[in-house]
2 protein chains.
Amino acid sequence: MKHPLKQHIEEIIKLTDEEFKFILSHFETIKKRKHQYLLQKGEIADKEYWIVKGCLKSYFFEESGKEHILQFGMENWWITDYESFVKQSKSKINIDCIEDCELLYITFENREKLTKEMHKMERFWAKKSKFGRIALQNRILSLLKNSSKERYDLLLEQYPKLFQRVPKKLIASYLGVSRETLSRLNS
Amino acid sequence: MKHPLKQHIEEIIKLTDEEFKFILSHFETIKKRKHQYLLQKGEIADKEYWIVKGCLKSYFFEESGKEHILQFGMENWWITDYESFVKQSKSKINIDCIEDCELLYITFENREKLTKEMHKMERFWAKKSKFGRIALQNRILSLLKNSSKERYDLLLEQYPKLFQRVPKKLIASYLGVSRETLSRLNS
DNA sequence: AAAAATTTGTGCTAAATATCACACGCTGAA
DNA sequence: TTCAGCGTGTGATATTTAGCACAAATTTTT
């Protein structure tokens, strides 16, 4: 059976088994339990995680204590604070497990190394970065254009599984509305 | 005197004069007048523009006819619809000149070619893509966290020149508030 | 310079959303 | 089982923002 990470990378770039083995040798496996964190505000994100199993959130707190969710993470997604990871600067955000998680991670150093050693991976990450940018662009578009109700419906349509796995108050934080307003959107 | 594009690229990657000459040979110059467009909804963005002089907006219309601004462009910035450019798909957005503009552009084909011919440029664009992503991330953060007034103040602080060059109603469209609300934010 | 179009400010009203309060059901720990 | 804590729905009210109307100021065009 094909390794799920190989399958994931091959959506962008074809790999021989040797190449994948080489890539995988730059990763480590880690398990985390619900409520544990991967990254806390103020730390430098020195790892990028690939989610084998589980569900996570990247988020931050407003001064008032209100929580805002930047990104959810589920199986086959990557998660880290890219600003902190790319610039190797202090992170503004936190990343927590919403469920028990199984993760693969690559350190900043290993990623730099792998990028240099293997041009295919440079191309893979470049493409991933481009697609990540497009996704963010579209989220901004949606925040500008769509009403709360519309954003709710779009998210439900795009990630129906998410609604079965995470509390609605987190969905509200992601959409940028209060939990009470979210609760009233369906009526 | 150093070419401004060379100066711009060298903020990320050092170049010899020969290298820059080679890079520049992949670009063309174009002038556009105020109100002329670079890209219209439905077209495929086959060029990426570097702004030598002038001011532009990338934007789209809601069904209701409301205009939303995704990005402003000024001297030394790049502008295109990256979703359309990267995927070579039909664009959802328009790009117009707000002032008379002088631009350098590289076609999709030339950029692909240059990326392959010159590894330095692959690294340059990879880095630019990463930073672009970070900027979008921070805009989302700001849309979630900050009030209209705060977003206004932040923009004013970051791009004071913009306020002297573009009408306030466009600033409002960028911030995601109505022009009336923007007009009342200062009081 | 005159005319036309655009931009901006502001009063008024309606709509959307936040906030506070409280009730109820579910879950996990003692 | 019992109890505390969390998640969720919902009423009441306050706040924010949008939308419309219109006038004044500014810019652009002729």
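The values are calculated or read from the model by the stated rules, or taken from the named source; none is laboratory data. Being a predicted model, the structure only gives us computed values, none of them experimental. Heads up, the Cβs are rebuilt from the backbone with ideal geometry, glycines too, and the neighbour counts pull from every protein chain shown. These accessible areas exclude ligands, DNA and RNA; they are computed on the full protein's heavy atoms, side chains included. Shrake-Rupley method; radii C 1.70, N 1.55, O 1.52, S 1.80 Å.
Structure summary
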| quantity | calculated |
| --- | --- |
| Pairs with Cβ under 7 Å, 6+ apart, first in the stretch B:168-187 and within 16 Å of B:Phe60 (Cβ to Cβ), second near DNA strand C (Cβ under 8 Å from one of its atoms) | B:Lys169/B:Arg179; B:Ala172/B:Arg179; B:Ala172/B:Leu182; B:Leu175/B:Leu182 |
| From the options A:Lys34, A:Lys14, A:Lys21, A:Lys47, residue that is open to solvent by 40 Å² or more (accessible area, probe 1.4 Å) and at pLDDT below 95 | A:Lys34 |
| So B:Arg123, is it surrounded by fewer than 17 Cβ atoms within 10 Å (Cβ to Cβ) and within 14 Å of DNA strand C (Cβ to nearest atom) | no |
| Selection status of A:Leu154, out of contact with any Phe, Trp or Tyr (no Cβ under 8 Å at 6 or more places or on another chain), under 26 Å from A:Phe61 (Cβ atoms) and crowded, with 16+ Cβ neighbours inside 10 Å | no |
| Contacts under 6 angstrom Cβ, first residue in the stretch A:65-76 being within 14 Å of chain B (Cβ to nearest Cβ), partner within 16 Å of DNA strand C (Cβ to nearest atom) and open to solvent by 50 Å² or more (accessible area, probe 1.4 Å), 6 or more apart | A:Glu67/A:Phe61; A:His68/B:Lys145 |
| Odd one out for B:Arg151, checked against (1) within 17 Å of A:Leu143 (Cβ to Cβ); (2) away from DNA strand C (no atom under 16 Å from the Cβ) | (2) |
| Of all residues in the stretch B:145-161 being assigned to a helix (DSSP H, G or I) and among the hydroxyl-bearing types (Ser, Thr, Tyr), the one that is nearest to the other protein chains (Cβ to nearest Cβ) | B:Ser148 |
| Hits in the stretch B:115-167 - residues which are among the small types (Gly, Ala, Ser) and free of Cβ contacts under 8 Å to residues at least 24 places away in the same chain | B:Ala126, B:Ser129, B:Ala135, B:Ser142, B:Ser147 |
| Of the criteria (1) assigned to a helix (DSSP H, G or I); (2) open to solvent by less than 30 Å² (accessible area, probe 1.4 Å); (3) not basic (Lys, Arg), which one B:Leu104 fails | (1) |
| Hits in the stretch A:68-82 - residues which are of a type outside the set (Ser, Thr, Tyr) and either open to solvent by less than 40 Å² (accessible area, probe 1.4 Å) or outside any strand (DSSP E or B) (or both) | A:His68, A:Ile69, A:Leu70, A:Phe72, A:Gly73, A:Met74, A:Glu75, A:Asn76, A:Trp77, A:Trp78, A:Ile79, A:Asp81 |
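To keep it simple, each residue is scored yes or no on (1) open to solvent by less than 60 Å² (accessible area, probe 1.4 Å); (2) away from DNA strand C (no atom under 14 Å from the Cβ); (3) within 14 Å of chain A (Cβ to nearest Cβ); (4) in a helix (DSSP H, G or I).
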{"site": "B:Ser84", "(1), (2), (3), (4)": "yes, yes, yes, yes"}
{"site": "B:Arg111", "(1), (2), (3), (4)": "yes, yes, yes, yes"}
{"site": "B:Thr115", "(1), (2), (3), (4)": "yes, yes, yes, yes"}
{"site": "B:Arg133", "(1), (2), (3), (4)": "yes, yes, yes, yes"}
{"site": "B:Ile140", "(1), (2), (3), (4)": "yes, yes, yes, yes"}
{"site": "B:Leu143", "(1), (2), (3), (4)": "yes, no, yes, yes"}
{"site": "B:Phe163", "(1), (2), (3), (4)": "yes, no, no, yes"}
{"site": "B:Glu180", "(1), (2), (3), (4)": "no, no, no, yes"}
